Amino acid sequence: MPEQLAYTIEVFLNGLMAGVLYALVALGFVLIYKASGIFNYAQGVMALFAAMTLVGIQNGQVPFAHLINAIFGTDVHKFGWSVHSFVAIALTVVVMIGLAWAVQRFVFRHLVGQEAIILFMATIGLAYLLEGVADLMWGSELKALDVCAAEGVCLPQGLNSWIDETTFETFGYGFFIDNLDIVASIVAAILVVGLVMFAQYTKQGRAMRAVADDHQAALSVGVSLNFIWILVWSLAGFVALVAGIMWGAKSGVQFSLSLIALKALPVLMLGGFTSIPGAIVGGLIIGVGEKLFEFLIGAPFLGGATENWFAYMLALLFLVFRPQGLFGERIIERV
Amino acid sequence: MHDTGGIENNRRYEGNVCVKDQVDSYVTEDGRTIGPVVMEMKNITLRFGGVEAIKDISFDIREGEIRAIIGPNGAGKSSMLNVISGFYVPQEGEVWYKGARRPPMKPFQVAQQGIARTFQNIALFEGMSVLDNVMTGRLTHMKTGIFSQTLWKGRAEREEIENREVAEKIIDFLEIQAIRKTPVSRLPYGLKKRVELARALAAEPLLLLLDEPMAGMNVEEKEDMSRFILDVNDEFGTTIALIEHDMGVVMDLSDRVVVMDYGKKIGDGTPHEVRNNQEVIDAYLGVSHD
């Protein structure tokens, strides 16, 4: 196999893996946008918040330690135990559901029927509030997130070297794929299949689709909008947690994690704001596109660093030629 | 001629509470059996800011009857339907349902109590197929939640099959089998109205509220719709309350009629009585109010 082709394939595969993460973040946006028409700017911060909560619980950190110490003059920081990853994930899910309830109860319940721009502004406020709360709760230092740590959440360590060896024997070139990327892809695939099954076949899923389609009609068939909104915020919180874990495991849990929300924007332009498959395909296209573009054109001809802007340029092109995205509902103006 | 006015007088009250109808049911001229009162509106007043949309209106709906609310445009008919279905909460008055006073409720709670409705300007799930739309009407009958659905797969499947059967039966009944898989957004207006009726019926409601079921239809479609309304009432015994401003259609269809004008009740009785009511004639022919 020629060297150049083999490299290209490897870049392609790595692009797919990066795309999975973009897709996960975009998925959270789509869930909330479909059901409530709210463009949730806070989705990235939710991922950060979820990841920080997970690490905090895992390490047995005392929440609001600084605040408590400042008020009571104590000096507590840790409970002195560490929590098993699975338990910590379960607890974080509970926290995210609580967050969903609070967001609905204290913010959006009071903004029902407001214009989209007002709802959007509310999510910007929410993003900064949540960032502050996360900081106050768990502190702002960079933390390492390791869900695998000897607890077997990850695939066997030998998998990537096995792929490396097998491909070397067959093609004469060994592909290197990060273990974490494989896990992320599998988890994302399960998550998406699970979400689609949920939406298609369960009572709550049906109700969710009903709310996404028409609020008034949903009310008339006995669906509580409030419940469904809490449900979608919880689901988005769960998706944020998964994205936060994957991203955090890659580059540590730090505040820049909240910026992945910006990377999800071009994904949404491509996939459409209302389509779950769109978010996935859009994420993969952006992931692959930016890696391949950098490898084939950016690095040799443009002096590199094209990954930073490629996604946005692609999104701009889509906005001009296909504003509803690949899978979004077609925009038809009737006169 | 049957005297419906008598029903009012046969009721026994203790204070403000109707204890029991002495006449629980009666048979109409054309042999239809009308049951006891299922819903009663008592002195309902609804205001929007300074505007009184409904002024101190009382009437009842009996089991098994087709009850019409008619009146010229802006008379407050739709507002009244919205009060019954919980979309509006009246400032004054009481709503009695199945013999008990109904506390202020959200529309979805009202729906869960067995009151289904359609809308004047059609509220369907445009992105779903006809069958999926009708299936959403079954939501109030779906018991199994997320967790039991994953744990007890068999029970969830059985429930799904049962709900599907009801939906298919109603689709057959309303003669929309041919379009069951069609996305609703592609249907013409008349068929959409019928799908909306199907969705409401799928809930197997005790009380069905129809908001101008024949608005914007041609003569043929109106005849079809009238036939379906009568058939539904006949076949499933569903109590129906409908709003219409086309007098002709209503008179043929309904057992009893409430007439509203400028938010006030100006007539209540059989179609025959209402037709001969001077106030009603004035309202429809446009005698100046002074």
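The values are calculated or read from the model by the stated rules, or taken from the named source; none is laboratory data. Remember, it's a predicted structure, so these values are computed and weren't measured experimentally. Cβ sites come from the backbone with ideal geometry, for glycine too, and all protein chains shown count toward neighbours.
Out of curiosity, is B:GLU175 closer than 30 Å to A:THR202 by Cα, outside any helix (DSSP H, G or I), away from chain A (no Cβ under 14 Å) and of a type outside the set (Ser, Thr, Tyr)? Step through it out loud before you land on a result.
Working: closer than 30 Å to A:THR202 by Cα: yes; outside any helix (DSSP H, G or I): yes; away from chain A (no Cβ under 14 Å): yes; of a type outside the set (Ser, Thr, Tyr): yes.
Spelling it out, B:GLU175 is indeed closer than 30 Å to A:THR202 by Cα, outside any helix (DSSP H, G or I), away from chain A (no Cβ under 14 Å) and of a type outside the set (Ser, Thr, Tyr).
For the stretch B:202-236, give me the residue count where each residue is of a type outside the set (A, V, I, L, M, F, W, C) and part of a loop (DSSP other than H, G, I, E, B). Even if it seems obvious, please write down each step before you answer.
Keep residues of the stretch B:202-236 that are of a type outside the set (A, V, I, L, M, F, W, C), which gives B:204-205, B:211-213, B:216, B:218, B:220-224, B:226-227, B:231, B:233-235.
Then keep just the ones that are part of a loop (DSSP other than H, G, I, E, B); that gives B:204-205, B:212-213, B:216, B:218.
Number of matching residues: 6.
Could you tell me whether A:VAL192 is among the aliphatic types (A, V, I, L, M), touching a helix residue (DSSP H, G or I) at 6+ places or on another chain (Cβ under 9 Å), buried (at least 17 other Cβ atoms within 10 Å of the Cβ) and more than 10 Å from chain B (Cβ to nearest Cβ)? So A:VAL192 passes the test.
Just for the stretch A:216-267: of the residues that are small (Gly, Ala, Ser) and within 14 Å of chain B (Cβ to nearest Cβ), which one is nearest to the chain's Cα centre (by Cα)? My answer is A:SER234. Scan the stretch A:201-215 for residues that are more than 8 Å from chain B (Cβ to nearest Cβ) and either more than 22 Å from the chain's Cα centre (by Cα) or charged (D, E, K, R) (or both) and the total you get is 2. Scanning the stretch A:259-296 for residues that are more than 28 Å from A:GLU131 (Cβ to Cβ) and of a type in the set (A, V, I, L, M, F, W, C) gives A:VAL281, A:LEU284, A:ILE285, A:VAL288, A:LEU292, A:PHE293, A:PHE295, A:LEU296. The residue that is modelled with the highest pLDDT, counting only those in the stretch A:233-265 that are of a type in the set (Ser, Thr, Tyr) and out of contact with any helix residue (DSSP H, G or I) (no Cβ under 6 Å at 6 or more places or on another chain), is A:SER256. Screening the candidates A:LEU5, A:LEU54 for the property of being closer than 30 Å to A:ILE297 by Cβ and not hydroxyl-bearing (Ser, Thr, Tyr) yields one hit, A:LEU5. Filter the stretch B:78-108 down to the residues that are more than 25 Å from B:HIS141 (Cβ to Cβ) and polar (S, T, N, Q) and list them by number. Within the stretch B:78-108, B:SER78, B:SER79, B:GLN91 qualify.
I want to confirm something. Restricting to the stretch B:205-214 and keeping residues that are more than 12 Å from chain A (Cβ to nearest Cβ) and surrounded by fewer than 23 Cβ atoms within 10 Å (Cβ to Cβ), which single residue is nearest to B:ASN121 (Cα to Cα)? Going through the qualifying residues, I end up with B:GLU212. Restricting the stretch B:86-107 to residues that are within 19 Å of B:PHE59 (Cβ to Cβ) and surrounded by 19 or more Cβ atoms within 10 Å (Cβ to Cβ) leaves a set whose member that is nearest to the other protein chains (Cβ to nearest Cβ) is B:GLY86. Of all residues in the stretch B:238-264, those that are under 17 Å from B:SER58 (Cβ atoms) have Cβ atoms under 8 Å from Cβ atoms of residues that are of a type in the set (Phe, Trp, Tyr), 6 or more apart or on another chain, in B:VAL258/B:PHE59. Just one residue in the set B:VAL83, B:VAL51, B:VAL130, B:VAL110 is within 14 Å of another protein chain (Cβ to nearest Cβ), of a type in the set (Val, Ile, Thr) and free of Cβ contacts under 8 Å to residues at least 60 places away in the same chain; that residue is B:VAL110. Does B:ALA116 meet the test of being crowded, with 21+ Cβ neighbours inside 10 Å, farther than 30 Å from B:ASP30 by Cα and within 11 Å of chain A (Cβ to nearest Cβ)? When the stated conditions are applied, B:ALA116 does not pass them.
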